[in-house]
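S.K.: The structure that follows is given in the form of structure tokens.
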Amino acid sequence: MLFADRTFPAASTTLRAAAPDLEVTVGPVDGVVEADVVVPLLTRIDGEFMDRTKGLRLIQQWGAGLEGVDVGAATERGIMVGNVPSAATGNAGSVAEWCVMAALGLSRRLTELGTTIRTGGQWGGPLGRAMAGRTAVIVGFGGIGRALAQRLRGFDLTLHAVTRTPDPTDRTTFGLAGLSDLTGLRPLLPQCDYLFLCLPLTPDTAGLVDAAALDALPPDAIVVNAGRGKLIDEDALLAALRSGRLGGAALDVFATEPLDPASPLLREPNVLATPHIAGVTDLSYRNLAAHVTTYLDQLRAAEPLVHCVNWPGQSQAVSRPST
């Protein structure tokens, strides 16, 4: 198994502990390599990468997101592509915990408070903001959105959910004040004190939060992005932060990753930025390793591979076209 780059170092370490007999190599990758299985991490896996990886049978993401994999190119070459849905591993709960932490941190101005106490600043300030009595909109109501709704219910918030495929039963199950498809987002923005982005990147969701959406938010609204960076127009977000209209933005994902340390977003005092670690917890990683180990056992035994996205139920990759 080849981990295609050195990001998310705990992934390979956790997998080695779960499967000590597995031969694991960690990238970065240049030139021709040999691997039965590649874990993309943050590396773009395109046709050229596949062609120089000899013996490649499976591209297995360490998590759910596959936007960095050319699934069509893999299918053309007879290579399976798999992922691990977030709800199956505890990853969804871990990401939801990060969202709550981020919203609380910005509301209570933790970055400023840390500076105050370390520099001998004035005690008893700055004034924080309570979450109780405010309105939150969760955009994306899959595993992460549902886990987040469960955790937010204790904060006395009015909760709305916006999702591509609404399930009417979710409104009662999760105590939602409203539930709609993506067309219902814009009308909700003027009352949205907390905007949580928990959805994948697709052609329909790219740039979902643009300048107009940010302008529609009430003053001091907080944006929390645990989905994908390109859901937000980062230039528009930076302008909104600099104007003083937004209360802050918590960002675990970015349009380009890794993020350039010189990014102007990182110079904004009301930005809480983390390096794509919302789901990086001991619980989610142990469960991810267990699932990936199971998939590798299925691959060895030519059994149907769970969560194969290009050939559901396929027991082994079809033969590569001859070249």
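S.K.: Before anything else, pin down the relative contact order of segment 219-263: Cα pairs under 8 Å, at least 6 apart, normalised by residue count, whole percent.
M.R.: Answer for segment 219-263 is 54 percent.
S.K.: Then there's this: Can you compute the FRET efficiency between GLU303 and ARG52 using 1/(1 + (r/R0)^6), with r the Cβ-Cβ distance and R0 = 22 Å? Round to the nearest 0.05. Could you put the intermediate results ahead of the total?
M.R.: Details: r = 28 Å, r/R0 = 1.29.
For R0 = 22 Å, the calculated efficiency reads 0.20.
S.K.: At a 10 Å Cβ-Cβ cut-off, how would you order ILE117, ILE59, ILE45, fewest neighbours first? Present the calculation step by step, with values, prior to reporting the outcome.
M.R.: Numbers: ILE117 10, ILE59 28, ILE45 25.
Ordered from fewest to most neighbouring Cβ atoms within 10 Å, ILE117, ILE59, ILE45 come out as ILE117, ILE45, ILE59.
S.K.: What does the charge dipole of the chain about its Cα centre add up to, to the nearest 20 debye, if the Cβ of each Lys and Arg holds +1 and the Cβ of each Asp and Glu holds -1?
M.R.: Around 740 debye, computed over the chain.
S.K.: Still on this model: Out of these labelled values of Rg and Dmax of the Cα atoms in Å, (i) 19.2, 59; (ii) 21.1, 68; (iii) 21.2, 72, which was calculated from the coordinates shown here?
M.R.: Step by step, Rg and Dmax of the Cα atoms in Å for this structure corresponds to label (iii).
S.K.: What whole-number distance in Å separates the alpha-carbon centres of segment 1-51 and segment 203-257?
M.R.: Cα centroid to Cα centroid, the span is 32 Å.
S.K.: Right, next: Which of TYR295, TYR194 comes first, and how do the rest follow, when ranked by fewest Cβ neighbours within 10 Å?
M.R.: With the sparsest Cβ surroundings first, the list reads TYR295, TYR194.
S.K.: Antiparallel versus total DSSP beta bridges in segment 144-256: what percent is that, nearest 5?
M.R.: 0 percent
S.K.: Return one number: the angle in degrees, 0 to 90 and rounded to the nearest 10, between the long axis of the Cα atoms of helix 91-107 and the longest principal axis of the Cα atoms of the chain.
M.R.: With rounding to tens, the tilt is 30 degrees.
S.K.: Over segment 91-273, what is the relative contact order in percent, taking alpha-carbon pairs closer than 8 angstrom and at least six residues apart? Provide the component values of the computation, followed by the final result.
M.R.: Details: 323 pairs, mean separation 35.8, N = 183.
Relative CO of segment 91-273 lands at 20 percent.
S.K.: Calculate the spin-label point distance for LEU22 paired with ASP260, positioning each point 7 Å from the Cα along the beta-carbon direction, and give it in nanometres.
M.R.: Output for this residue pair reads 3.6 nm.
S.K.: Tell me the relative contact order for the chain as a rounded percent, counting alpha carbon contacts under 8 Å between residues six or more apart.
M.R.: Dividing the mean separation by the residue count of the chain yields 18 percent.
S.K.: Using alpha carbons only, how many angstrom separate the centre of segment 285-308 from the centre of segment 109-135?
M.R.: Going from one Cα centre to the other spans 46 Å.
S.K.: What FRET efficiency do you get for ARG245 and THR119 if R0 is 25 Å and r is their Cβ-Cβ distance, rounded to the nearest 0.05?
M.R.: That pair, ARG245 with THR119, gives E of 0.35.
S.K.: If you rank TRP62, TRP98, TRP311 by fewest surrounding Cβ atoms within 10 Å, what's the result?
M.R.: On the way: TRP62 25, TRP98 22, TRP311 19.
In increasing order of surrounding Cβ atoms, one gets TRP311, TRP98, TRP62.
S.K.: For ALA273 and GLU112, what does the FRET efficiency come to when R0 = 22 Å and r is the distance between their Cβ atoms, rounded to the nearest 0.05?
M.R.: 0.90
S.K.: Which of the peptides 214-227, 120-133 is most tightly packed, and how do the rest follow, judged by the mean count of other Cβ atoms within 10 Å per residue?
M.R.: By packing density, highest mean first, the sequence is 214-227, 120-133.
Here, each number is a calculation from the coordinates, and none is a lab measurement. The shown structure was predicted, so the numbers you read here are calculated from the model rather than taken from an experiment. When we count neighbours, we look across all protein chains shown, and the Cβ atoms used for this are built from the backbone with ideal geometry, even at glycine.
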